[in-house]
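A short reminder: the numbers here are calculations on the coordinates, not readings from a lab. In this text, all values refer to a predicted model and were calculated from it rather than measured experimentally. Positions of Cβ are backbone-derived with ideal geometry, glycine not excepted, and every protein chain shown enters the neighbour counts.
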Amino acid sequence: MPVFPSVFVSHGAPTLVLENSAGRDFLATLGTRLGRPSAILAVSAHWTTRVPAVSGASRPETVHDFHGFPDALYRLRYPAPGAPALAERVAGLTGAVVDPTQGLDHGAWVPLMLMYPEADIPVAQFAVQPGRSAAEHIALGHRLAELRQEGVLVLASGGAVHNLREFVYGGGRTAPWASGFADWLDATLTAGDGDAVADWLSRCPDARRAHPTDEHFLPLPVALGAAGERFRAERLHAGFEHGSLGMQAYAFTNPADGAMEGLGQEAAPAA
């Protein structure tokens, strides 16, 4: 059984699935490059809870948790089966509450629709807690690490840079604060500095502008933690869309567990 890396992707705007972009093209190839997992645990920025929670629905609904977008977006469905057994396993590892009604929000189904369009791999969704620190999310990830030995893909979905206040449709030249945070994040991850990620708000002066709120950053420390204490980060994709949405993606592995490596850099950062 293959040992998958834990993966962080930036899902961009909900319209990513409808638009031609480098971010969409990257996600459309990622599933093939990773291969087929036995199940997926999707850690979504768009499900926020006070305590850890995991979805236990056997047939999760496609949740359109956004407003004011083209009608075509609301007609999309991702009818993947749920993963109740995985949810119970996650609850046992982390103490998470199992929610039998939570569906797949767009933080989960947007990247999954591009990665695994057949929608035939069981999926459970895992929440983030903006009231808790990045260090606590790394610790949650550590508790999920053994799932990777069981053929489960831990797919964290958020945004490397996510500032909707400075969103410009179609984008333009990336602002220095945005590229500065992306550069800091890349250097920090590739150096294997988990302590800096845990203390990200203090370590990077651009952090709060890059993330006015925490929820789109927090899936990343979960993915990092799921690779174990001695993680190795490999950048898979980089670039910006709509001016203030960083689309960086990373695979996290551990030299001790034999996870696949060498997935490679798909795209160069946008200027």
Completion exercise
Over all directions, region 110-222 yields a Cα convex hull whose mean projected area in nm² is 8.5
Handout entry: Phi-based couplings in Hz for region 112-128 (Karplus 6.51, -1.76, 1.60; Gly and Pro marked x)
Key = 5, 5, 7, 6, 10, x, 6, 6, 10, 9, x, 10, 10, 10, 10, 8, 10
Handout entry: In region 49-156, trypsin sites (Lys or Arg not before Pro) in a DSSP loop with at most 10 other beta-carbon atoms within 10 Å
Key = ARG75
Handout entry: Placed amide H near GLY82: partners under 5 Å, 5+ positions off or other chain
Key = ARG59, VAL123
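Rounded to the nearest 500 deg cm²/dmol, what is the calculated helix-only ellipticity per residue at 222 nm for the chain, with -39500 (n - 2.57) per DSSP H run of length n ≥ 4?
-8500 deg cm²/dmol
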Completion exercise
Under 5 Å from the placed amide H of ALA156, counting only residues 5+ away or on other chains, we find VAL7, PHE8, VAL9, VAL43
Practice task
Give the distance, in whole Å, between the Cα centre of region 118-184 and the Cα centre of region 9-63.
Solution key: 10
Handout entry: 25 Å tail of the calculated P(r), the chain, as % of Cα pairs
Key = 38
Handout entry: Summed side-chain charge close to PRO2 - residues other than PRO2 whose Cβ falls under 14 Å, Lys, Arg +1, Asp, Glu -1
Key = 0
